[in-house]
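First the structure, in the form of structure tokens, and then the observations on it.
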Amino acid sequence: MNGTTALEKDPNFLMSNGTKFQNGGQCDVTSESPTTSSESTQDEGTKLKKRETWSRNIDFLLACIGFSVGLGNVWRFPYLCYKNGGGAFLIPYLICVALGGIPMFYLEVAVGQFMSEGGIGAWKICPLLQGIGFATTLIVFLLNIYYNVILTWAFYYLFASFTSVLPWSTCDNDWNTPNCRVSYGVNDTVNGTTMNSTLALVNATASNKSVDAVTEYWERKVLQISAGIEYPGIVKWDLALCLLLAWIVIYFCIWKGIKSSGKVMYFTATSPYILMTVLLIRGATLDGAIDGIKFYLIPTWERLGDVQVWVDAGTQIFFSYSISLGALTALGSYNKFHHNSWR
């Protein structure tokens, strides 16, 4: 059996990222210039396509930030804090960040940068486990489908909000039921009738069927939920058009590769922070905001003994950082070979 390795046969073996491995374990980068389009290089008759790289280092940084801070942080993290003891949840969360989140995040980016391959090709580093790459790609495909549905709902509500009176703020619409209510305030409205809060609360408790206007708009107008899965109903063309718009927007974000998606990151990475700042200011001005702040900052220490709190903290790290999905590997693969991704 011939024990000669590929590197011994070809001492100037060329990787797809343009890095040439030479005898003695030394390496040399054949080209350091950033590329905005796929170029071809010739090495002993073999044609290799060179991988694109980020135009600027800030593009990669914003891409990682945009991938780590999104809808999951705006919606899910506050809910988990409320569920798991307020400030006490931050302790297992930060521990999971230090022990799991940051090391795994860096590992995936570094592997992608070293291999200059995406989530599938990077597993050539260990061919026996290459099936993991295909599995994670399938998972990301399914995630993208349902995330686009969420974007569809966002577009739908955006277009519906261009009215003087928000359609989900009243109970006198054709989709509302007799059990519709607006709120339990000083003057409550139930099915278009104004009454005091005590009477509204008594009626709602007695019937146990009171539904707020926001929920009815969501279930009866937007989704038009049927009686069961055996009743698929008809296609809602307004939602279908919003879904088409969401896919068109995504296409134009990525159609030129990282040359276009890198620029999109300037908006997608910063917009969640703007949104959270707006929500923070709005929440701080509401009645009872100080009680919520106290609950958030004052820990419930006995909750730390609950295993579920630690499970939720670890799950949130993997969820928000998109770890083990191959996406970080793909982002790192567009770095130059000698880029200091750790810094």
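The values are calculated or read from the model by the stated rules, or taken from the named source; none is laboratory data. Remember, it's a predicted structure, so these values are computed and weren't measured experimentally. Don't worry about glycine lacking a Cβ; one is built from the backbone with ideal geometry, like all the others, and counts go over all protein chains shown. Only protein heavy atoms, including side chains, enter the accessible area calculation; ligands, DNA and RNA are left aside. Shrake-Rupley method; radii C 1.70, N 1.55, O 1.52, S 1.80 Å.
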Residues of segment 224-245 classified as within 21 Å of ASN176 (Cβ to Cβ) and free of Cβ contacts under 8 Å to residues at least 12 places away in the same chain, total: 5
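Would you point out the residue of segment 220-244, among those that are small (Gly, Ala, Ser) and surrounded by 11 or more Cβ atoms within 10 Å (Cβ to Cβ), that is modelled with the lowest pLDDT? Working first, answer last.
Initially, segment 220-244 is screened for residues small (Gly, Ala, Ser), giving 226-228, 233, 240.
From what is left, the residues that are surrounded by 11 or more Cβ atoms within 10 Å (Cβ to Cβ) are 226, 240.
Numbers: SER226: 85, ALA240: 94.
Across segment 220-244, the extreme among qualifying residues is SER226.
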For segment 264-306, which residues satisfy the criterion of being in a helix (DSSP H, G or I) and under 30 Å from VAL109 (Cα atoms)? VAL264, MET265, TYR266, PHE267, THR268, SER271, PRO272, TYR273, ILE274, LEU275, MET276, THR277
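Being hydroxyl-bearing (Ser, Thr, Tyr), at pLDDT 85 or above and closer than 30 Å to LEU275 by Cα is the requirement here; does TYR217 meet it? Explain how you work it out, then say what you get.
On the way: hydroxyl-bearing (Ser, Thr, Tyr): yes; at pLDDT 85 or above: yes; closer than 30 Å to LEU275 by Cα: yes.
For TYR217, the condition - hydroxyl-bearing (Ser, Thr, Tyr), at pLDDT 85 or above and closer than 30 Å to LEU275 by Cα - is met.
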Among the residues of segment 245-291 satisfying the criterion of being open to solvent by less than 40 Å² (accessible area, probe 1.4 Å) and among the hydroxyl-bearing types (Ser, Thr, Tyr), which is farthest from ARG51 (Cα to Cα)? SER271
For segment 109-121, which residues satisfy the criterion of being open to solvent by less than 20 Å² (accessible area, probe 1.4 Å) and assigned to a helix (DSSP H, G or I)? VAL109, GLY112, GLN113, GLY121
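So, of the residues in segment 312-324 that are open to solvent by less than 40 Å² (accessible area, probe 1.4 Å) and in a loop (DSSP other than H, G, I, E, B), which turns out to be modelled with the lowest pLDDT?
Filtering segment 312-324 for residues open to solvent by less than 40 Å² (accessible area, probe 1.4 Å) gives 312-314, 316-317, 320, 322-323.
Then drop every residue that is not in a loop (DSSP other than H, G, I, E, B), which leaves 322-323.
Values: SER322: 81, ILE323: 84.
Among those residues, the one meeting the criterion is SER322.
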Which number in (1) open to solvent by 40 Å² or more (accessible area, probe 1.4 Å); (2) at pLDDT below 90; (3) outside any helix (DSSP H, G or I) marks the one condition that MET195 misses? (1)
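Residue-by-condition table, conditions (1) assigned to a helix (DSSP H, G or I); (2) open to solvent by 30 Å² or more (accessible area, probe 1.4 Å); (3) among the aromatic types (Phe, Trp, Tyr):
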| site | (1), (2), (3) |
| --- | --- |
| PHE89 | yes, no, yes |
| TYR106 | yes, yes, yes |
| LEU129 | yes, yes, no |
| THR137 | yes, yes, no |
| ASN144 | yes, yes, no |
| ASN173 | no, yes, no |
Out of all the residues in segment 137-148, which are over 22 Å from TRP54 (Cβ atoms) and of a type in the set (Val, Ile, Thr)? ILE139, ILE145
Conditions first: (1) modelled with pLDDT under 80; (2) part of a helix (DSSP H, G or I); (3) not small (Gly, Ala, Ser). LEU80 passes all but one, so which condition is the exception? (1)
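Being out of contact with any Leu (no Cβ under 8 Å at 6 or more places or on another chain), β-branched (Val, Ile, Thr) and in contact (Cβ under 8 Å) with a residue 24 or more places away in the chain narrows it down to one residue among ILE317, ILE281, ILE274, ILE248; which is it?
ILE317
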Could you list all residues from segment 114-160 that are farther than 17 Å from ILE323 by Cβ, touching a Phe, Trp or Tyr at 6+ places or on another chain (Cβ under 9 Å), of a type in the set (A, V, I, L, M) and free of Cβ contacts under 8 Å to residues at least 40 places away in the same chain? ILE125, ALA160
Can you tell me which of ALA330, ALA269 is in contact (Cβ under 8 Å) with a residue 40 or more places away in the chain, more than 21 Å from ILE145 (Cβ to Cβ) and not β-branched (Val, Ile, Thr)? ALA269
Considering each residue of segment 245-263, count those that are modelled with pLDDT of 80 or more and either β-branched (Val, Ile, Thr) or not in a helix (DSSP H, G or I) (or both), and give that number. 5
